[in-house]
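Everything on this sheet refers to the single structure shown next.
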Amino acid sequence: MADKKKDKVKKTKKFKLNKKNPKFSRYFLSLEFEDQEKLKSFFSALDDRLYVLGSDRKKIRYDFERAFVEYDSMGFSLEKALELLDLSNLGGFYSRNPDFWLPLDEVGKSYTQFLDRNNMAVFREAFYLKERIRPELLQMALNFTIKRFPYFAMSVKNGLFWHYLDSIRRRFAVEKEGPLPVQRIPIAVSGSKSFRVLFYENRLSVEFFHCLTDGTGAKEFLKSLTATYLKLLGKTIAPSELVVDSNSMVNDDEFANGYLKVKRKNNPAGYINKRALQLSGPLSKNRPCRVLHFRINTQSLKDAAAKYGVGITPYVSTAIMFACKDAIDAVQGDVALILPVNMRKFIPSVTLRNLSLYTNIRRPIGEIRDFADLCIKNRDELKEKVTKENMVAMAEGTNGLMNNMRFLPLPLKVFGTRTLYSIFGDNVFTCPFSNLGKVELPEDMAKEITGMDFLLGTSFFHRAQVTGCAVNGITTLSISKYTKDPSFEERLYNILKNDGLDVAVEGSEYSGN
């Protein structure tokens, strides 16, 4: 018994106040002796859980110190703070060496072929909360949440034949948002992360390099991170099947390669097409040079689409085609939209990695005249193309294409992929329209969230990219611009307004040349 007490005293003596964090020192010294001892024991237990680089150990400890100070400023007692910051929330993520790697999925392989180019496939999803973000607690939320998504705690590495994902154990830092969203994620350094968590006022954003996941995987991570953050604020968030609990067990099926559930065929169905018209206007050096959000009541949007006998996707797609026509000088050629398709509808899978492909609709620019008629044509074409048979055939073609390249050394793959991309890449489409659809939230979370948006990153050719998502009865159509020419967004706005929709516009001013 005496030896145990001796050990305890020895551990307590090791506790030192961080001179670089005077706020925590003042907070610690303001506590009663008993509470000081509780904190000493807490940080001693924290040290025992951290098997990471020394710099990361110090940063994680500093995260906890800042969180305690933040709770004190919020009027929380030490007991409440200790309860919310329970070290069991860390799990064993920081206690063990990383010991696994993952081959990239069939779509992720293509995204890694352009790592030194300006069109790195980065996308963003963001929630807007009722209250301003407290970065100290958001950092703790990320510290607690990442263990549940170890397949996102990965670094991109070069292999002999393919890039691959290697697990890393480090502190993942939240960042204050910069002036331009969806910028390149620097991944060249060993141990670099492939995603980022950002905050600005009341906006909480996650940005992913597309080789890690698609919109569905990012959505689940964002929901889980947000739920953890709200709990750290002291909000009551009941368990729900709609949100991944950050303290639940990892499901191995979540990081399975869903594309391998289909066969391999050598026919690259859906990939070969002729060039499409591009929007006019000089490309900006700053990309994106403008971001706009059109916020519309979802039911009103459904009603507007129903007037033409269609759903939201064909209705908005038609509006985008008309907006494209107004922003193109050419009078001959095709306007083509690319629309990503969630393959989980056709391939049974719970993977949170990539499992999406795309379809397209294409019209000669001279035929974009009658809005009602084009709505019906687009509806029928999407219905015909987005079937299990067609989409699985495309997945089989994707598998076959990657399988045929498997023995080519990585430098040759990069060269070949870029050559194909220059012929059959972005220039065969005028504008992407990626619709995430309705994002379901439990009631406890929904009442804390005022909105959501979704953005795509840089493209070589597209001067405008459109995305959509809906939460809490509000649909947000977001536009990433790569030219100052405002014709596209002005036309799209007027189409929606002329259909009787109340469109609230938010976004940035133009930036750059």
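What are the residues whose amide H is under 5 Å from the amide H of Gly159, where those residues sit 5 or more places off or on another chain and H is modelled from the backbone?
Amide H neighbours of Gly159, under 5 Å, 5+ apart: Tyr164.
Shape verdict for region 294-374, please, from the Cα gyration tensor: rounded (a/c under 1.5), prolate (a/b greater than b/c) or oblate.
Taking the square roots of the gyration eigenvalues as a ≥ b ≥ c, region 294-374 is oblate.
Nearest 10 degrees is fine. How inclined is helix 135-145 to the longest principal axis of the chain, computing both from alpha carbons?
80 degrees
Rounded to whole Å, give me the distance from the Cα center of region 326-392 to that of region 233-248.
Result: 36 Å between the Cα centres.
Hey, what number do you get for the chain at 222 nm if only DSSP H runs of n ≥ 4 count, each worth -39500 (n - 2.57), divided across all residues, to the nearest 500?
-11500 deg cm²/dmol
Using the beta-carbon distance between Val505 and Ala173 and R0 = 35 Å, what value does 1/(1 + (r/R0)^6) give for FRET efficiency, to the nearest 0.05?
E between Val505 and Ala173, to the nearest 0.05, is 0.60.
At 1.4 Å probe size, with every protein chain present, just tell me what the per residue accessible area of region 271-325 comes to in Å².
That works out to 40 Å² for each residue.
With every protein chain present, what is the per residue accessible area of region 10-167 (1.4 Å probe, Å²)?
I get 47 Å² per residue for this part.
Please work out, to two decimal places, the log10 of the ratio I(q)/I(0) at q = 0.09, 0.21 Å⁻¹ from a Debye calculation in which every Cα of region 265-406 carries one identical scatterer.
Taken in order of the listed q values, log10 I(q)/I(0) reads -0.36, -1.31.
For Lys265, give me every one of the aspartates and glutamates with a C-alpha distance below 14 angstrom, ignoring sequence neighbours fewer than eight places off in its own chain.
Excluding near neighbours in sequence, the set is Glu106, Glu389, Glu396.
Charges at C-beta only: +1 for Lys and Arg, -1 for Asp and Glu. How large is the resulting dipole of region 11-113 about its Cα centre, in Debye rounded to 20?
Computed about the Cα centre, the dipole is about 700 debye.
GluC sites (Glu not before Pro) within region 217-285: which are DSSP loop residues with at most 13 other Cβ atoms inside 10 Å?
Hits after loop and neighbour filter: Glu241.
What distance in nm separates the two pseudo spin-label positions at Val350 and Lys38, each 7 Å out from Cα along the beta-carbon direction?
3.8 nm
How big is the antiparallel share of DSSP beta bridges in region 160-316, given as a percent to the nearest 5?
Among the beta bridges of region 160-316, antiparallel pairing accounts for roughly 65 percent.
In whole percent, and with a 1.4 Å probe on the protein chains, what portion of the accessible area of the chain is carbon and sulfur?
Here carbon and sulfur together make up 52 percent of the probe-accessible area.
Angle, helix 388-404 long axis vs. longest principal axis of the chain, Cα atoms, 0 to 90°, nearest 10?
It is inclined by approximately 70 degrees.
Can you tell me the orientation of helix 2-13 relative to the chain, as the angle in degrees between its alpha-carbon axis and the longest Cα principal axis, to the nearest 10?
Around 60 degrees separate the two axes.
When all C-alpha to C-alpha distances in region 376-513 are sorted into bins of 5 Å, what percent of pairs does each bin hold, rounded to whole numbers?
With a bin width of 5 Å, the distribution comes to 2, 7, 11, 14, 17, 16, 13, 11, 7, 3, 1, 0.
How much length, in nm to one decimal, is gained on full extension between Trp101 and Arg132, taken as 0.36 nm per residue of separation minus their Cα-Cα distance?
So the extension gain works out to 7.4 nm.
Hey, what D do you get for the chain in µm²/s if you plug the Kirkwood alpha-carbon radius into Stokes-Einstein at 25 °C and 0.890 mPa s?
Taking Rh from Cα pairs, D becomes 99 µm²/s.
Among Lys109/Lys377; Lys193/Lys274; Lys109/Lys235; Lys157/Lys223, which pairs are too far apart, with a Cα-Cα distance over 31 Å?
Lys109/Lys377; Lys193/Lys274; Lys109/Lys235
Rounded to the nearest 5, what % of DSSP beta bridges with both residues in the chain are antiparallel?
Roughly 85 percent of the DSSP beta bridges within the chain come out antiparallel.
The values are calculated or read from the model by the stated rules, or taken from the named source; none is laboratory data. What you see is a predicted model, and the numbers here were worked out from it, not measured in a lab. Methodologically, a virtual Cβ is constructed for each residue, glycine included, from the backbone with ideal geometry; neighbour enumeration extends over all protein chains shown. Note: accessible area is taken over every heavy atom of the protein model, side chains too, but ligands, DNA and RNA are not part of it. Shrake-Rupley method; radii C 1.70, N 1.55, O 1.52, S 1.80 Å.
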